[in-house]
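Worksheet for the structure shown next.
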Amino acid sequence: MAEGLRERKKRRTRQHLSDVATGLFIERGFDAVTIAEIAEAADVSVNTVYNYFPAKEDLFLDRGHGIVDRLSRWVRGRDAGESAAEAVVRELRIQVEGVSPTVGLIDGYARFLRVIEGADTLKARLWHIGQEAQLHLEGTLREETGAGPGDQAPVLVAGQLSWVHSTLMAYIGGEMVAGRTTNEVSRDALVLLDDMEDLLGEKVLNYARRGAE
């Protein structure tokens, strides 16, 4: 369905607020910037900011909802004959090989991470997003396999795949903060991803394998 004028205006306003806030956070630090200052810089009211972003953390981590569903989307979209783990590793490899901003391979990512490092509330929110993503993945694995409430396999597999994702993201972030180029980090991140795949057991690698269509 085509996006209506009202929806387009709301999306643009939301993006404008996030962009203005992010610029201020990077310049001065997260804790040093108030919602009132963001509203003034964006030329809107404080209430308008809160209408789009219930908390200040949401202004900086405005794409958290996409992270929560990321692994689940990949698992649901796995190919015929492909397992959940194989789908996740394949998608991560595509992102890393493509030097994609979605995994932090973008100039300026180090500045973004330094803002997070300087704010305990942002670090707490990121941890919460990670927990949400793992629970979401567990639920997806239960749906995809028909696992019952007492079956712990979805919990264990979700934990393993979340570990792969979070470890890769942490590595990329650390290397970007260290000042390496995106291409350099991409090359070494692929090696790390291969190493992590080798560490996954057969039960994980074969779990939720989709039947041939």
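Solvent-accessible area per residue for the chain at a 1.4 Å probe radius, Å²?
Solvent-accessible surface per residue comes out at 55 Å².
Return the whole-Å distance between the Cα centroid of segment 92-169 and the Cα centroid of segment 184-213.
15 Å
Can you tell me which lysines have their Cα less than 23 Å from the Cα of LYS10? Leave out same-chain residues fewer than eight positions away.
Reachable lysines: LYS56.
Would you calculate, for the chain, the mean residue ellipticity at 222 nm contributed by helices, counting each DSSP H stretch of 4 or more residues as -39,500 (n - 2.57) and dividing by all residues, to the nearest 500?
Calculated mean residue ellipticity at 222 nm is -23000 deg cm²/dmol.
Which whole number in µm²/s is D for the chain by Stokes-Einstein, with the Kirkwood Rh taken over Cα pairs at 4 °C and 1.567 mPa s?
68 µm²/s
Sequence gap at least 6, Cα distance under 8 Å: using those rules, report the relative contact order of segment 1-64 to the nearest whole percent.
Reported relative contact order: 33 percent.
Calculate, in nm to one decimal, what HIS16 and ASP107 gain on full extension: separation in residues at 0.36 nm each, minus their alpha carbon distance.
30.7 nm
Calculate how steeply helix 84-97 sits against the longest principal axis of the alpha-carbon atoms of the chain, using the helix alpha-carbon long axis, and give the answer as 0 to 90 degrees to the nearest 10.
Its long axis makes an angle of about 50 degrees.
Defining a contact as two alpha carbons under 8 Å apart and six or more residues distant in sequence, what relative contact order in percent does the chain show?
Computed value for the chain: 26 percent relative contact order.
Please identify the trypsin sites (Lys or Arg not before Pro) of segment 20-82 that satisfy two criteria: DSSP loop assignment and at most 13 other Cβ atoms within 10 Å. Which are they?
Passing sites in segment 20-82 are ARG63.
The values are calculated or read from the model by the stated rules, or taken from the named source; none is laboratory data. Bear in mind that the values here come from a model prediction, so they are computed numbers and not experimental data. No Cβ is skipped: glycine too gets one built from the backbone with ideal geometry, and neighbour counts run over all protein chains shown. In case anyone asks, the SASA skips ligands and DNA or RNA and just uses the protein heavy atoms, side chains included. Shrake-Rupley method; radii C 1.70, N 1.55, O 1.52, S 1.80 Å.
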